[in-house]
Amino acid sequence: MKLRILFLLSFLTSHAFAQFTLSGKVSLEGQAEPALGASVYIQELKTGATADTAGNYLITGIPKGTYTVRVSFVSMPTVTEKNVKIERNIVRDFVLKSGANSLDEVVVTGTMKEVSKLDSPVPVDIITSKFIYKNPVPSIFEGLSYVNGVRPQLNCNVCNTGDIHINGLEGPYTMVLIDGMPMVSGLSTVYGLSGIPNSLIDRVEIVKGPASTLYGSEAVGGLINIITKNPLKAPVFSADVFSTTWRDYNVDLGVKFTPGEKSSSLLGINYFNYQNPIDNNKDGFTDLTLQNRISIFNKWSFKLKDDRQANIAARYYYEDRWGGQMQWDRSYRGGDEIYGESIYTKRFELLGNYQLPLSEKVTLQYSFSSHNQNSAYGNVPFVADQKIAFAQLLWDKEIGKHSLLMGTPFRYTFYNDNTPATRYADGHDHADKIYLPGIFIQDEIKTGPHSVLLGARYDYNSRHGSIFTPRAAYKYKFNQTDVVRLNVGRGFRIVNLFTEDHAALTGSRDVILKEELKPEQSWNANINLVKKIVTGNSFIGFDASVFYTHFTNRILPDYDTNPNQIIYDNLNGYAVSKGISLNLDFNFPFPLKIIAGGTYMDNFQKENGVRFRPVLTEKFTGTWSFSYEIQKAGLSVDYTGNIYGPMRLPVLSEEDPRAANSPVWSLQNIQLTKKFNNGLEVYGGVKNLLNFTPPANSIARANDPFDKNVQFDGQGQVIATPDNPYRLTFDPSYVYAPNQGIRAFAGLRYTLR
């Protein structure tokens with residue numbers, strides 16, 4: 001009897017403490033390659049295994065029980081399987097499918113074709129709408145502040161207009177597209193970046209380096225493609241409303257319509273209002289430009305026969321902004337009594353594409369924009385009208401291992417203003433009309449893990465003649481997680497001085513053009529390495545690039561030769577922009593995600609044997625985003641920030657008391673978000689936690705903006721007086737950071753699917 005009891009106890013004990021195995025294979029839907037490095041993780045036990053080169057995994061030592069199994073891979077959404085009973089050794093296979101949360105997103109900007117990010121021979125950075133929500137902003141212009149290597153630059157302390165720098169290159173070298181169409185250029189380079197409704201943005205794709213072969217002029221330093229949501233997949237209704245303690249208000253609305261089975265429409269409205277003059281630095285000028293802005297965007301999508309598609313969209317944008325002395329009102333506009341910069345902007349855009357009913361894949365792309373600006377910079381009026389029409393046919397053809405793309409772009413630009421740019425010898429304005437037909441061809445050749453991209457473009461500019469821009473790219477894909485790329489290309493840009501450089505209009509400096517400005521030309525090369533390291537149920541992503549751009553002609557404003565002038569001239573020498581950037585992406589088994597990046601740059605210009613660094617060009621920049629979710633409570637915390645190295649600033653002379661270089665400075669923010677099951681989100685936080693602002697004396701002679709008390713000698717040089725011991729003139733171009741200090745914000749976001 002005792003032996004039987006002992007045997008029974010031994011059996012029960014061994015069964016209770018039995019340990020089992022979970023094994024199987026992880027594969028990728030529609031792909032022959034296994035999911036090398038995929039993680040299979042048992043949440044309750046905090047243990048897991050990584051798939052081997054064949055995709056096989058094995059987890060041992062599992063006690064009897066019911067568990068939650070999570071399967072993740074760096075290029076696919078995580079699969080979570082609950083209530084997995086393990087009472088014996090189990091074999092279970094998993095197939096991972098791509099989806100909306102895939103880390104290997106589809107990109108189109110690098111090659112004008114939809115490919116996965118890892119398969120693209122051109123490196124493309126992707127910014128999703130969720131990333132923008134980590135630090136809510138009233139415009140995408142400000143939202144790019146936390147993207148590595150990208151810096152929105154304010155160009156004026158008074159009207160706060162700006163442009164976007166990529167890898168230290170000035171804003172005119174960055175091309176901004178909307179749904180692949182070159183919509184933001186010329187006048188809108190400075191004034192048209194603020195009114196794109198965030199509620200309609202699906203993602204933003206960024207290419208660093210020249211893309212002139214596909215997109216033409218202006219894509220020298222890189223391009224930013226703002227891709228709006230597909231009406232077929234957009235939520236039925238979305239709203240985002242927030243305000244800050246500075247009493248600025250932003251409203252974003254999106255509404256989806258489905259009038260028929262084969263058509264759908266998306267309407268987006270953005271309204272921003274700020275009417276609260278603040279002068280915290282006590283210089284007598286508004287710290288933040290007052291604005292009243294509305295943007296209306298409507299996009300239609302149509303399903304055509306044989307799975308063809310067509311899209312058409314239109315946008316209307318109006319903005320009234322002013323900045324200046326605190327006592328300014330509209331009665332002083334254009335006068336020399338109280339200084340103010342007042343800008344009225346009216347803009348209309350139309351863009352779309354239509355796949356022709358042919359056996360071949362041929363698509364017509366088209367866009368039109370009309371931009372009217374009526375502005376006064378103190379007593380200097382600037383009235384301009386610009387119209388741009390663009391159309392191109394794209395032929396997409398697959399022949400064996402060759403993926404061909406041919407295009408026949410045509411661009412017409414009409415431009416007129418009241419400056420010397422369009423004033424002829426007869427004393428009258430003559431509108432500038434430029435015709436730019438062209439042709440390009442691109443061939444991507446794939447052989448196993450190797451991919452070669454060859455492209456060439458020829459344009460004929462009615463003013464400057466023939467322009468040829470080649471490019472070449474090579475990609476080697478080691479596996480599903482590791483890729484190396486090499487890109488080489490030529491860039492060119494036609495300079496439109498008064499439409500692109502705000503410094504030519506504001507302040508009291510005279511603008512000097514030494515000679516006719518020729519097109520800017522450059523050669524660029526960059527090497528990019530992407531690697532994902534999988535460790536258990538987490539991974540670390542590395543994305544590193546080395547870049548080099550050599551300009552044979554570059555036109556930058558010369559603030560140094562004469563403190564009373566801004567001199568523009570063709571480059572007598574060469575210019576270089578080079579550096580290295582690194583992006584890190586940390587995903588942990590617990591709900592913490594870290595994205596961090598840094599870029600080190602060496603930008604210089606060598607002219608007449610003298611080497612110098614251009615103004616407003618930082619040596620290094622860094623960005624970060626820390627996100628933590630408390631899933632059970634529906635709470636998330638986002639901590640975002642950036643840091644910039646010193647920049648050379650445009651001082652008026654060696655006697656100028658303002659610092660010749662900016663300090664190291666940083667903007668940091670924190671946000672808490674509460675999510676509810678009905679689609680409502682409530683969020684709030686603090687912006688500019690360190691309360692950083694530029695020096696209070698950033699505007700030179702803010703007390704005399706019309707230089708009424710400045711004395712000049714016979715050569716036009718400023719004479720030192722008791723009222724002006726440093727020989728200064730009014731100058732608001734000394735600006736590198738926003739004047740808005742620390743502030744709280746709160747908002748509501750609602751999505752109905």
Within segment 330-355, track down each residue that is assigned to a strand (DSSP E or B) and among the aliphatic types (A, V, I, L, M). 343, 350, 351
Within segment 292-310, track down each residue that is surrounded by 18 or more Cβ atoms within 10 Å (Cβ to Cβ) and closer than 20 Å to residue 370 by Cα. 293, 295, 297, 298, 299
Please determine whether any residue of segment 276-290 is more than 25 Å from the chain's Cα centre (by Cα), in a strand (DSSP E or B), assigned by TED's automatic domain parsing to the domain that holds residue 313 and at negative phi. yes
When both residues are 6+ apart or on different chains and their Cβ atoms are under 6 Å apart, which pairs have a first residue that lies in segment 444-461 and is more than 20 Å from residue 398 (Cβ to Cβ) and basic (Lys, Arg), and a second that is assigned to a strand (DSSP E or B) and at pLDDT 90 or above? 457/440
Among the residues of segment 391-400, is there at least one that is over 25 Å from the mean Cα position of the chain (by Cα) and either of a type in the set (Lys, Arg) or more than 27 Å from residue 310 (Cα to Cα) (or both)? yes
Scanning segment 667-696 residue by residue, those of a type in the set (Phe, Trp, Tyr) and part of a strand (DSSP E or B) turn out to be 683
Give the number of residues within segment 581-591 that are closer than 25 Å to residue 150 by Cβ and surrounded by 15 or more Cβ atoms within 10 Å (Cβ to Cβ). 6
Among the candidates 170, 205, residue that is on the phi < 0 side of the Ramachandran plot, among the acidic types (Asp, Glu) and at pLDDT 85 or above: 205
For residues in segment 708-746 being at pLDDT 90 or above and among the charged types (D, E, K, R), which is surrounded by the fewest Cβ atoms within 10 Å (Cβ to Cβ)? 708
Any residue in segment 60-71 that is at negative phi sitting within a Cβ distance under 6 Å of a residue that is part of a strand (DSSP E or B) and aromatic (Phe, Trp, Tyr)? List the pairs, counting only those 6 or more apart or interchain. 62/20; 70/41; 71/94
Might you let me know whether segment 495-507 holds any residue that is farther than 17 Å from residue 382 by Cα, at pLDDT below 80 and surrounded by 15 or more Cβ atoms within 10 Å (Cβ to Cβ)? yes
Selected residue [more than 30 Å from residue 493 (Cα to Cα), in the same structural domain as residue 551 (by TED's automatic domain parsing), among the hydrophobic types (A, V, I, L, M, F, W, C) and out of contact with any helix residue (DSSP H, G or I) (no Cβ under 8 Å at 6 or more places or on another chain)] from 620, 612, 604, 590: 590
Does residue 681 satisfy the criteria of being closer than 28 Å to residue 554 by Cα and either free of Cβ contacts under 8 Å to residues at least 40 places away in the same chain or not assigned by TED's automatic domain parsing to the domain that holds residue 169 (or both)? no
Scanning segment 357-373 residue by residue, those surrounded by 15 or more Cβ atoms within 10 Å (Cβ to Cβ) and either in contact with a His (Cβ under 8 Å, 6 or more places away or on another chain) or not β-branched (Val, Ile, Thr) (or both) turn out to be 365, 366, 367, 368, 369, 370, 371, 372, 373
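The values are calculated or read from the model by the stated rules, or taken from the named source; none is laboratory data. As the structure is a computational prediction, the values presented were derived from the model and not from experiment. Cβ sites come from the backbone with ideal geometry, for glycine too, and all protein chains shown count toward neighbours.
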